[in-house]
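Right, one structure below, let's go through it.
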Amino acid sequence: MGPIVRESSHLGATVTPLAGAGQRLAVGGPPLAGDVPDVGRARDAKPEARLERTLLYVARTPDPLLCAYLKSRGWEIATARTVHEASRLVKPEAAYAGIVDLTGFAPREFAGLETILRLQQMGWIALTDDSRLTDAEVRRLIRHYCFDYVHVPVAHATLDYLVGHAFGMVSLCDLDTPAAASQDEDEMVGTCEAMQQLFRTIRKVANTDATVFISGESGTGKELTALAIHERSARRKATFVPINCGAIPHHLLQSELFGYERGAFTGANQRKIGRVESANGGTLFLDEIGDLPLESQASLLRFLQEGKIERLGGHEQIPVDVRIISATHVDLEAAMRDGRFRADLFHRLCVLRVDEPPLRARGKDIEILAHHVLHKFKQDSARRIRGFTPDAIEAMYNYNWPGNVRELINRVRRAIVMAESKLISAEDLDLAQFTAQQTVTLAQAREAAERRAIESALLRHRHRLTEAAADLGISRVTLYRLMGAHGLRDEKTFFGGEAENQAELPPDGQD
Ligand SMILES: Nc1ncnc2c1ncn2[C@@H]1O[C@H](COP(=O)(O)OP(=O)(O)OP(=O)(O)O)[C@@H](O)[C@H]1O
Ligand SMILES: [Mg+2]
């Protein structure tokens, strides 16, 4: 992402400047289909490399220099001096950026203007001046229908930037066909370094058949990652079988996993194929593996060693070829220490390890994900919701997101239904207390920034303290102390050689 230009957008930013800026890993797509910039990312690409960008410029007296500039930036421009002319020029089903110069129109023309401002396919930027902004009707039109507004005179480059993003946003609307929506289902969105690293890991891990262990807080995308690995692996044509070990009563788990023969117990009227066997040729995803009772842990270990299962009540050893991916959000190391989880099983399950970054450590991705969710679910609202208020964005960055991506999806979906204007506010997200209006002392701001920096350095280096400390320009001992102060020491599980031993950190010299 480049810097966000806001120089002449005076009354606060109402745009969603991230149009299509997300990088995605489309789970169902062809291998390595992810990580391409979106079509809507209009700003930095050379004009000839983009989709045709169409722009409608509505002004009583259009500025020929502005037209010439925008043409040189690759815009296909149509100019209209009246509402009537404008509505004739707009082709149905095409996406347009729009510039509407409100300074030249009389109040009695606003009703007419509203008919074109309302068009779904248009992404409007308004030009205005101070006197116009005192008119309540002008303010309403801008609020309801425009991505942003600028005071005239405006730097042409700024306007090019703004219409680029408006165009990106409406281009996304164009993709809202049922087919595209279903393709979106399993898309992983992420642009930050931690997510890019995750995508790289997914690709690498998909090329092998070794077991994978995914660790991450609740709602960070563990299942989505497991599916992404499967979809990119040689097993993608076979099934992906998820099983939530925590959701199945313990006494049923054995038969659920391994199946049973007819007559194996009272009520076993016919043979049942277990989940392990049904995943033959494909991938078995063992979710909440920490909840697996010891009895099932023993059976699973046996299966991992021998590659064969035995149905309950059966005598036959059946070879099954599955790739196992497991996940947990609990501290398995503590479970191993307490004797609730077998270390030998863990080492079999965790040949490769993937860590899901928590949402609060994903920087800009928070905003990008929020827009992604808004686009996916905006039809749930009777209104045409266009984005988020600056307060909402601010609150999203300040909030800690304990429920991670799942919580963000839920909050945005609820806000879409509850919002009473075209823009979702912090209040709609139920995050009003996290807006900038809350007074924040410098000390609090510093502390929050420090915590964020430490957390992302730890993520970048997979909790290897020496490297994280070097990045941060502090000693390992200082880092360790700061992690304690910020409550970051016990948050993760550390094992498998990726992380250094957190419990007994040998001092390494000066602080
Ligand atoms: N990077 C992402 N981009 C888009 N959607 C995501 C992303 N990560 C997670 N999601 C969505 O967030 C929700 C939670 O993801 P998922 O179920 O994979 O999380 P989880 O870590 O398995 O959660 P839990 O620990 O609660 O089981 C899902 O709806 C998923 O599609
Ligand atoms: Mg899950």
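At A247 and R139, where each label point lies 7 Å from the Cα along Cα→Cβ, what is the point-to-point distance in nanometres?
For the pair A247/R139, the computed spacing is 4.9 nm.
Based on the alpha-carbon gyration tensor of region 359-434 and its eigenvalue square roots a ≥ b ≥ c, which shape applies: rounded if a/c is under 1.5, prolate if not and a/b is larger than b/c, or oblate?
On the way: a/c = 1.79, a/b = 1.45, b/c = 1.23.
Because a/c hits 1.5 or more and a/b exceeds b/c, region 359-434 counts as prolate.
Which loop chymotrypsin sites (Phe, Trp or Tyr not before Pro) in region 246-353, with loop taken from DSSP, have no more than 15 other Cβ atoms within 10 angstrom of their Cβ? Don't jump to the answer; show the numbers that get you there.
Values: sites: F258, Y260, F265, F285, F303, F341, F346; in loops: F265, F341.
In loop regions of region 246-353 (DSSP not H, G, I, E or B), the sparsely surrounded chymotrypsin sites (Phe, Trp or Tyr not before Pro) are F265.
Could you sort out which of K204/K364; K237/K308; K71/K378; K91/K378; K222/K376; K222/K422 sit more than 28 Å apart by Cα distance in this structure? Let's see the in-between values first.
Values: K204/K364 25 Å; K237/K308 22 Å; K71/K378 32 Å; K91/K378 23 Å; K222/K376 21 Å; K222/K422 33 Å.
Among K204/K364; K237/K308; K71/K378; K91/K378; K222/K376; K222/K422, the Cα-Cα distance tops 28 Å for K71/K378; K222/K422.
Would you kindly work out the equivalent ellipsoid of region 210-272 from its C-alpha gyration tensor and give its semi-axes, the square roots of five times the eigenvalues, largest first in whole Å? Please report the intermediate quantities before stating the final value.
Numbers: eigenvalues 176, 55, 13 Å².
For region 210-272, the semi-axes come out at 30, 17, 8 Å.
So what are the radius of gyration and Dmax for the Cα set of region 193-355, in Å?
Radius of gyration, then largest Cα-Cα span, for region 193-355: 15.8, 55 Å.
Order by neighbour count: T115, T201, T266, fewest other Cβ atoms within 10 Å first, most last. Each step should come with its number before you reach the end.
Details: T115 11, T201 18, T266 6.
Taking fewest neighbouring Cβ atoms as first place, the list is T266, T115, T201.
Report the local net charge at G246: Lys and Arg +1, Asp and Glu -1, summed over other residues whose C-beta lies under 10 Å from its C-beta.
My count for the surroundings of G246 gives -3.
Mind giving me the nanometre distance, one decimal, between the label points for A453 and R118, set 7 Å out from Cα along Cα→Cβ?
Calculated label separation equals 5.2 nm.
Just want the ordering: E427, E231, from fewest to most Cβ atoms lying within 10 Å of their own Cβ. Intermediate results must be reported in sequence, preceding the final value.
Numbers: E427 18, E231 21.
Listing E427, E231 from fewest to most nearby Cβ atoms yields E427, E231.
Once you list every other residue whose beta carbon is under 15 Å from the beta carbon of A445, what net charge do they have if Lys and Arg are +1 and Asp and Glu are -1?
Residues close to A445 contribute a combined charge of 0.
Bear in mind that the values in this text are calculations on the coordinates, not laboratory data. Keep in mind that this is a model prediction, so the values were computed, not measured. Because the Cβ atoms are built from the backbone with ideal geometry, glycine has one as well, and the counts that use them run over all protein chains shown.
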